[in-house]
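Have a look at the structure below before the remarks.
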Amino acid sequence: MTLTENFRQETLDRLGINSTEQGAYGGKWFNPHGPIYTAHSPIDGEAISKIRLCSREDYEKIVSATRKAFEEWQEIPAPKRGTVIKALGDKLVKSKEDLGRLVTLEIGKTINEGNGEIQEMIDIAYFAMGLSRQLYGLTIASERPNHKLLEQWSPVGIVGVITAFNFPSAVWSWNSMIAAACGDAVLWKPSTKAALVAIGVMKLLTETLETSGAPPIFSLVCGSGNEMGSLISQDKRIPLVSFTGSTSTGRVISKSVAERFGKSILELGGNNAAIVTDKCDMEVALKGVAFGSLATAGQRCTSTRRVIVHDSIYSEFVSRLKVIFEKARIGNPIDPETLVGPLIDAEAVEKFLKAIETARSQGGKVLCGGVRANVNGEKGGNYVVPCLMEATPDMAITNQETFGPLLYVFRYKTLEEAIRIHNSVPQGLSSSIFTTDLREEELFISHKGSDCGIVNVNTSTAGAEIGGAFGGEKETGGGRESGSDAWKNYMRRHTVTINYGKDLPLAQGVRFDV
Ligand code: NAD
């Protein structure tokens, strides 16, 4: 057996994943009736397991079971729900390595990043446990005598969570742990490209829900975006849909959710940039930009796709970054020395190569990489050599997100010009400035600076912590998930007016004498 075959077998054994898995859970695992999908590993292109997907009839059964679980769950006091969520976190701590390996196997993240994905789930579970004691409302001064204004929050019901392949479980947990604390139930439609991770996570966590005596608040429908995804976005029984994926898919989903007056949380594509000023700490800037553009082989929504470098340090910065790009070890993500693993599939490789060809035709100059990579012993894998490209912001392709390790380098003279370039793209997810100058930093984080949802100083565009609210502006969709007060998206707000007096004074001094 090769290293990858061994790894595959051991990972599947540890999680009890079979040669054919059922991609359907609603109160229990059951045999769905949709087509069979075969999951392949991007590491070597080999099949991992087959998955039986859901049919429309299966979907109906699962939604009914999820609704039933919600009815029960919302009656449990929030801090008690929190103790169940803590048990979920504890289970993830015990299973971190097993699930991390599955992320590596199915998505191709390095072992290190696969473990990081599960750590993020653990972090948000414990955050949500604390949150379960902090679901607070407000008391607001009333303009009327003997009146009280209150804000009170209730669960929304079923939250539909549709996720992208690249954060196959962390994004689900950002939504689900918070939604669970809020008293909601969650229906998950994962990317088919990451369905095994979803099945692995659900196997562990539904067991924990059961042993904790909680209702089965997490459900799973595996299936295509066009079928299962569309059913969720059109389903009036699902008042909130949290969608993570490309801007083009988000555009379709947001319309169908809005058409039925549902709410959506949209976490869409990014085109993130870092500004490197002449006052930067060059070592920090090089590491930050390298991590941002190379981690997860450039397949993060927050990956650094553009770096805007001050004219006076341009040559030194770019030549040193080129050395880092050329040295970054591309290879099998199981190998702990690997920094850049494979892309998700052959189509992603084609898109990456096509983008480079287009960028060249628009005037871009390749400084290194931009071709397929041969990784010893992994002939069927989807490996590419990261590309550093000199470009100008007027090249149309630099306005688009290419989901791979392709970094455009631009040159600037004044910080105002750099910020203009920075904000000129349609997306608005994450941003960075590398500077040790207080004035430059303050300008960048002010209203005259970055127009993104996430603004970083002397750290990478990628790698957010769960404690803050995560999301972006413009074509990134405007959603906010995870920490801070993002929980408010998962609840209904009631403004309550209580009159405890003996008269009926009306607001705005209106008189209505009967
Ligand atoms: P994708 O848009 O192809 O798919 C995302 C999900 O949508 C999948 O589950 C897919 O099955 C489903 N889907 C497809 N068509 C659908 C339809 N018509 N109705 C409902 N659902 C449908 O995205 P991807 O390739 O899996 O992921 C990469 C993209 O996701 C990138 O653009 C990346 O920037 C973005 N992303 C954004 C964030 C964020 O937080 N902003 C996080 C991760 C990924």
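The values are calculated or read from the model by the stated rules, or taken from the named source; none is laboratory data. Small disclaimer: the values here were computed from a predicted structure and weren't measured. Backbone-built Cβ (ideal geometry, glycine too); neighbour counts: all protein chains shown. When the accessible area is computed, the model is the full protein with side chains, heavy atoms only, and any ligands, DNA or RNA have been set aside. Shrake-Rupley method; radii C 1.70, N 1.55, O 1.52, S 1.80 Å.
Which one of 297, 419, 430 is farthest out on the positive end of the charge dipole of the stretch 272-465, using unit charges on Cβ (Lys, Arg +1; Asp, Glu -1) and the Cα centre as origin? Checking the options against the dipole of the stretch 272-465, the answer is 297. Toward the positive end of the charge dipole of the chain, with +1 on the Cβ of Lys and Arg and -1 on the Cβ of Asp and Glu, the farthest Cα among 34, 272, 332 is that of 34.
Mind checking the dipole of the stretch 47-129: about its Cα centre, +1 per Lys or Arg Cβ, -1 per Asp or Glu Cβ, Debye to the nearest 20? Present the calculation step by step, with values, prior to reporting the outcome.
Values: 14 positive and 14 negative charges, 39 e Å.
The dipole magnitude comes to about 180 debye.
Assuming a ≥ b ≥ c are the square roots of the Cα gyration tensor eigenvalues, decide whether the stretch 272-465 counts as rounded (a/c under 1.5), prolate (otherwise, with a/b larger than b/c) or oblate. Provide the component values of the computation, followed by the final result.
On the way: a/c = 1.80, a/b = 1.60, b/c = 1.13.
Since a/c reaches 1.5 and a/b is larger than b/c, the shape of the stretch 272-465 is classed as prolate.
Cross-link pairs exceeding 21 Å in C-alpha to C-alpha distance, out of 86/109; 322/365; 109/379; 96/327, comprise 86/109; 96/327. What translational D, rounded to a whole number of µm²/s, comes out for the stretch 401-470 from Stokes-Einstein when the hydrodynamic radius is the Kirkwood one over Cα pairs, at 25 °C and 0.890 mPa s? The Stokes-Einstein estimate is 187 µm²/s. Summary value for the chain: 17 percent relative contact order, contacts being C-alpha pairs under 8 angstrom separated by 6+ residues.
The portion of the accessible surface of the stretch 53-120 made up by carbon and sulfur, rounded to a whole percent, is 51 (1.4 Å probe; DNA, RNA and ligands excluded).
Give me the 1.4 Å probe accessible area per residue for the chain, excluding ligands and nucleic acids, in Å².
Values: 21730 Å² over 514 residues.
Per residue, the chain has 42 Å² of solvent-accessible surface.
Under the classification rounded if a/c is under 1.5, otherwise prolate if a/b is larger than b/c and oblate if not, where does the stretch 185-295 fall, given a ≥ b ≥ c as square roots of the Cα gyration tensor eigenvalues? Oblate shape, in that a/c is at least 1.5 and b/c is the bigger or equal ratio. Shape class of the chain from the alpha-carbon gyration tensor: oblate, with a/c at 1.5 or above and b/c at least as large as a/b. Considering only 400, 83, 216, the residue lying farthest towards the positive end of the dipole of the chain is 216, judged by Cα position with unit charges set on Cβ. Spatial offset of the stretch 1-76 relative to the stretch 342-414 amounts to 33 Å, using the alpha carbon center of each. Couplings 3J(HN,Hα) of the stretch 234-245, computed from phi: 9, 8, 5, 6, 10, x, 10, 10, 9, 10, 10, x Hz, in residue order, whole Hz [Karplus 6.51 cos²θ - 1.76 cosθ + 1.60, θ = phi - 60°; x for Gly and Pro].
Treating the beta-carbon of each Lys and Arg as +1 and of each Asp and Glu as -1, no other charges, what is the dipole magnitude of the stretch 98-244 about its Cα centre, to the nearest 20 debye? All intermediate terms of the calculation are to be shown ahead of the outcome.
Working: 10 positive and 13 negative charges, 63 e Å.
Computed about the Cα centre, the dipole is about 300 debye.
Please compute the net charge surrounding residue 198, taking Lys and Arg as +1 and Asp and Glu as -1 over other residues with Cβ under 13 Å from its Cβ. It would help to have the intermediate numbers written out before the result.
Details: positive: 189, 193, 203; negative: 21, 106, 117.
With Lys, Arg at +1 and Asp, Glu at -1, the net is 0.
Other residues lying with their Cβ under 12 Å from the Cβ of residue 400 contribute a combined charge of +2, Lys and Arg counting +1, Asp and Glu -1.
Normalising the average separation of contacting C-alpha pairs (under 8 angstrom, six or more residues apart) by the number of residues puts the relative contact order of the stretch 272-465 at 31 percent.
Let me check I've understood the local charge: for residue 161, count other residues with C-beta under 12 angstrom from its C-beta, Lys and Arg +1, Asp and Glu -1. What total comes out? Before the final figure, lay out each step's value.
On the way: positive: 189; negative: 184, 267, 481.
Neighbourhood net charge equals -2.
List the relative contact order of the stretch 45-186 as a percent without decimals, with contacts defined as Cα pairs under 8 Å and 6+ residues apart. Don't jump to the answer; show the numbers that get you there.
Numbers: 169 pairs, mean separation 43.3, N = 142.
RCO, the stretch 45-186: 31 percent.
Bridgeable lysines around residue 189 (alpha carbons under 19 Å apart, same-chain partners fewer than 8 residues away excluded): 28, 50, 61, 68, 203, 236, 255, 263.
Of the accessible area of the stretch 176-290, computed with a 1.4 Å probe over protein heavy atoms only, carbon and sulfur atoms account for 54 percent.
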